[in-house]
1. So if we plug the beta-carbon distance of GLU83 and LEU147 into 1/(1 + (r/R0)^6) with R0 = 25 Å, what FRET efficiency do we get, rounded to 0.05?
2. Using Cα pairs under 8 angstrom and six or more residues apart, how large is the relative contact order of region 38-125, in percent?
3. Treating the angle as unsigned and between 0 and 90°, give the value, to the nearest 10°, between the Cα long axis of helix 115-126 and the longest Cα principal axis of the chain.
4. Residue by residue through region 136-145, what is 3J(HN,Hα) from phi via Karplus (6.51 cos²θ - 1.76 cosθ + 1.60, θ = phi - 60°)? Round to whole Hz and write x for glycine and proline.
5. Defining a contact as two alpha carbons under 8 Å apart and six or more residues distant in sequence, what relative contact order in percent does region 122-168 show?
6. With the cut-off at 1.5 for a/c, could you classify region 30-86 from its C-alpha gyration tensor as rounded, prolate or oblate?
7. For LEU187 and ARG112 in one chain, what is 0.36 nm times their gap in residues minus the Cα-Cα distance, to one decimal in nm?
8. Roughly what % of Cα-Cα distances in the chain sit above 30 Å, to the whole percent?
Amino acid sequence: MLKSATFASKASYRLRRLGRAVVDGILPPRCLSCGEMVDEPDALCGRCWGGITFFAPPWCVACGLPFPHPMGENALCAACARERRSWNRARAVLRYDKNSRRLVLGLKHGDRTHLAGAFGRWMHRAGSEVLAGADLLVPVPLHWTRLFQRRYNQAALLAQAIRSSGGPPVAADWLVRRRRTPAQGHLGPAARERNVRGAFAIRAGRSFAGKRVVIVDDVLTTGATVEECARVLKRAGAASVSVLTLARALRIGG
Ligand SMILES: [Zn+2]
Ligand SMILES: [Zn+2]
C-alpha cells in the first residue's frame, strides 16, 4: 500500500517535471508582442524591437522626455520648465504609440499576465534613477468593481515584478480608488483631470509620512491620473513621489 502510494507520487512528480520541460525547453519561445518564434524567452522579435522606441538618456531630468542632443545634467524639457507637478520625476521604458500599443495593452486587456515579468525587468532597469533610495512602490489602484471584472490590476502586477527584480517593497492597497471613474481614453487633458479629481485616498491606518514613493502604472498619457495620485501622496506626507511606467505618450498633456 505504502509502496504503491510512493510510486504514484513519484510518477506524478515525473509527469510534472516533464510538463515543465515542455514549457521551458521544447516549445520555442515566442515574441512578446507578435508571437513570432524568437531565440530567447521574454524577448521581442527583430521587427517588433525595431518598431518600438525605447527611451534612453539624454532626457529631461524631471519627466524623462528624451532630448535629441545632450542638454546638460539638470536640463528640463519645455513642459516641465512651464508646469509645476505634484510628482518629482517620471521615467518610462518605451514610447506608447501604434507600434507598442499591442504589447502594452496585452497586459491590461489581453489576459497576457506572463508579460509582467519581462516588463518588470525592463522597468527596473529604465527606472534605476527613481528606484534608487525609494522606500515603496505604489501601484495605481483600480476601483474594486473594475478589479472584480478584470480579475487583476495590471499596475500591481508590474509593481510586484519590479520588486522581484530587486525594487523596493510594494505598498499594495495603501492607496485606494474610492469612486469608479469613467474610462478616459476619449477624454482631453482637462476632462481627464476633472474625471480623477478626488478619486483616490489613503487607506485608513497606512502612513506615507516621510516615505520616498514611486507610483507604478502601465501607461502615462496625459498624466492626469498619476498627478492626482501624487497630490494625495504628497498631502499624506510623502517625502518624494516619482512615477515609473512601462510606456508613455511622447508629450505628457499632449
Ligand atoms: Zn514580434
Ligand atoms: Zn520634462
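No lab work stands behind these numbers, since they all come straight from the coordinates. The shown structure was predicted, so the numbers you read here are calculated from the model rather than taken from an experiment. Every residue, glycine among them, receives a Cβ derived from its backbone with ideal geometry; neighbour counts consider all protein chains shown.
1. 0.20
2. Details: 74 pairs, mean separation 23.4, N = 88.
Computed over region 38-125, the figure is 27 percent.
3. Roughly 50 degrees between the two axes.
4. Going residue by residue, I get 8, 9, 10, x, 4, x, 9, 5, 4, 5 Hz, with x marking Gly and Pro.
5. Taking the mean separation of contacting Cα pairs over the length of region 122-168, I get 51 percent.
6. Note, shape of region 30-86 comes out prolate.
7. Here the segment from LEU187 to ARG112 would lengthen by 24.4 nm.
8. 32
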